[in-house]
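Undergrad: Encoded as structure tokens, here's the structure I'll be asking about.
The values are calculated or read from the model by the stated rules, or taken from the named source; none is laboratory data. None of the values given here were measured: they were computed from a predicted structure. So basically every Cβ, Gly included, is an ideal-geometry build from the backbone, and we count neighbours across all protein chains shown. For accessibility, only protein heavy atoms count, side chains too; no ligands or nucleic acids. Shrake-Rupley method; radii C 1.70, N 1.55, O 1.52, S 1.80 Å.
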Amino acid sequence: MNTADLGLPVDVPSTALFTDHYELTMLQAALKAGTADRRSVFEVFTRRLPEGRRYGVVAGTGRVLDAVENFRFDPDVLGFLREHGIVNEETLQWLASYHFGGDIWGYPEGEVYFPGSPILRVEGSFAECVLLETVILSILNHDSAIAAAASRMASAAGDRPLIEMGARRTHELAAVAASRAAYVGGFTSTSDLAAGFRYGIPTVGTSAHAFTLLHDRERDAFQAQVDSLGRNTTLLVDTYDVAEAVRAAVEIAGPELGAVRIDSGDLLLVAHRVRQQLDALGAERTRIVVTSDLDEYAIASLAAAPVDAYGVGTQLVTGSGHPTCSMVYKLVARAESADPKAPLVPVAKKASGGKTSIGGRKWAARRLDRDGTAEAEVIGTGPVPGELADRQLLVELVKGGEVVAREPLDVVRDRHAAARANLPLSATQLSRGEAVIPTEYLSVPA
């Protein structure tokens, strides 16, 4: 597998087929009907947060921008569509010169969101906008779910660092995206080298149980690791007997031993025993890292334990029970004709069953209370009230088809920490509840 197969920045492949068949058939029909060029506004939002979640986290925006830039129908892609008869020749000719030339506004990556928040707004012709639906939703639904789980885990961990180590529990490409989203949500490092290579996330790792089992004695494995990696390494101490392993680890590495890792058993009890033993052996500065199917609840339960860092895998990369955010991409306004000056008309689905949408091109702002804490997500279609003018959330991401808002990942990560800190304290509670602030609508047609 080469780096392009990993989604890495070498000969970046087209993202045009990361879409659903019906996007192209809609395009073909709209071209024939003469409606494809109507100016349109699509919005990404979710009608509700996953059960028990108090806020959502916008993640994946940077990846969306990459996907939009690389959404091209090259000869191989066009050949596939022609060979399988997916669209007609007229549509293929239109696709051959496709380049998104519209505008995209959105919540800055790392920001929090709530039900109804217009997380992303895509504007342009119907034809150019409709094609982006699937790839945008694929990225935002996955990355935002992982980031929300990571954020909850980071809140539970407090100042203790979190290591993302879920690559072996998900698709190899999803693992890279999950590492990025976890970093946005508050994790400090990853075990995934592809994520480190592409996004500059710090990578960590030492050894697994297989390394201990390879050697005739546990002491031999420890000695080999210390000889190779130095005394500041992390030794895995639960392959056989934890107490004996800790004793051997300190004897071999000395009190300068960097850390021990515990991957099984009653972590709360074992961590206390290991801490007492390390201190008694003079290794007061040796840290304790715990792993073993952790989630935010398990991390919270270890708050009083002498744990220095957590490694999280399966529960993180699966969104801790919520692997998607149920975001949708809906047409909310379109022009009356293909005339560029034609006025926009609000449109919305009015079906029953909880899937009703609200039409109109929206703005969003977050109202603060007198202490500067968020108290409401305010969404409107009319003029922005003066008191909310400087609290608007959407920023310009793409202008006339050109990306205008790339950011370093550390900026995104810091933004999320600040946004979460600006929420009411109950946002970090792990108990089930509704969104921590309400969503209010202004000047929205009934």
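Undergrad: Using only DSSP helix segments of four residues or longer, with each worth -39500 (n - 2.57), what per-residue ellipticity at 222 nm results for the chain after dividing by its residue count and rounding to 500?
TA: Value at 222 nm, helices only, nearest 500: -10500 deg cm²/dmol.
Undergrad: Assuming R0 = 25 Å, can you tell me the calculated FRET efficiency for the pair residue 268 and residue 215, based on Cβ-Cβ distance, to the nearest 0.05?
TA: For R0 = 25 Å, the calculated efficiency reads 0.25.
Undergrad: Just to confirm a number: summing +1 for Lys and Arg and -1 for Asp and Glu over residues other than residue 404 whose beta-carbon lies under 10 angstrom from that of residue 404, what do you get?
TA: Once positives and negatives cancel, what remains is -1.
Undergrad: Follow-up. When the convex hull of the Cα atoms of the chain is projected onto a plane and the area is averaged over all directions, what value comes out in nm²?
TA: Quarter of the Cα hull surface area: 24.7 nm².
Undergrad: Hey, what's the chain come to in accessible area per residue, 1.4 Å probe, Å²?
TA: With all protein chains present, the chain gives 45 Å² per residue.
Undergrad: Per the 1.4 Å probe, what fraction of the accessible area of segment 133-275, in percent, lies on carbon and sulfur atoms?
TA: That share works out to 51 percent.
Undergrad: Let me ask you something else. Would you kindly find the accessible area of residue 215, with a 1.4 Å probe and non-protein molecules such as ligands, DNA and RNA excluded, rounding to the nearest 10 Å²?
TA: Rounded to the nearest 10, that gives 50 Å².
Undergrad: Roughly how big is segment 328-428's charge dipole about its Cα centre, with Cβ charges of +1 (Lys, Arg) and -1 (Asp, Glu), in debye to the nearest 20?
TA: 500
Undergrad: Here is a follow-up. Going through segment 170-260, which trypsin sites (Lys or Arg not before Pro) have at most 15 other Cβ atoms within 10 Å and a DSSP loop state?
TA: 217, 231
Undergrad: With all protein chains present and a 1.4 Å probe, how do 48, 39 order by accessible area, largest first?
TA: Per-residue accessible area, sorted high to low, gives 48, 39.
Undergrad: Using DSSP to call loops (not H, G, I, E or B), can you name the chymotrypsin sites (Phe, Trp or Tyr not before Pro) in segment 85-159 whose Cβ has at most 12 other Cβ atoms within 10 angstrom?
TA: Of the chymotrypsin sites (Phe, Trp or Tyr not before Pro), not one in the loops of segment 85-159 has a Cβ with at most 12 other Cβ atoms within 10 Å.
Undergrad: Among rounded, prolate and oblate, which fits segment 149-227 when a ≥ b ≥ c are the square roots of the eigenvalues of its C-alpha gyration tensor, a/c under 1.5 means rounded, and a/b larger than b/c means prolate?
TA: Verdict is prolate for segment 149-227.
Undergrad: Here is a follow-up. Over the heavy atoms of residue 358, what accessible area does a 1.4 Å probe trace out, to the nearest 10 Å²?
TA: The value for residue 358 is about 60 Å².
Undergrad: Right, next: Of 229, 316, which has the most accessible area and how do the rest follow, probe 1.4 Å?
TA: Putting 229, 316 in descending order of accessible area: 229, 316.
Undergrad: Full-extension gain between residue 434 and residue 399, please, as 0.36 nm times their residue separation minus the C-alpha to C-alpha distance.
TA: 9.0 nm
Undergrad: Enter the angle in degrees (range 0 to 90, nearest 10) between the Cα long axis of helix 21-33 and the first principal axis of the Cα atoms of the chain, meaning the one along which they spread out most.
TA: Value to nearest ten degrees: 20.
Undergrad: What is the angle, in °, between the Cα long axis of helix 218-229 and the longest principal axis of the Cα atoms in the chain? Nearest 10 is fine, range 0 to 90.
TA: 60
Undergrad: Heavy-atom accessible area of residue 402 with all protein chains present, probe 1.4 Å, nearest 10 Å²?
TA: Ignoring ligands and nucleic acids, residue 402 comes out at about 110 Å².
Undergrad: Of 103, 20, 216, which has the most accessible area and how do the rest follow, probe 1.4 Å?
TA: Ranked list, largest accessible area first: 216, 20, 103.
Undergrad: Out of the trypsin sites (Lys or Arg not before Pro) in segment 253-322, which ones are loop residues according to DSSP with at most 13 other C-beta atoms within 10 Å?
TA: Those that pass, being in a loop and sparsely packed, are 285.
Undergrad: A further question follows. Tell me, what is a quarter of the convex hull surface for the C-alpha atoms of segment 40-144, in nm² with one decimal?
TA: Orientation-averaged projected area of the Cα hull: 7.4 nm².
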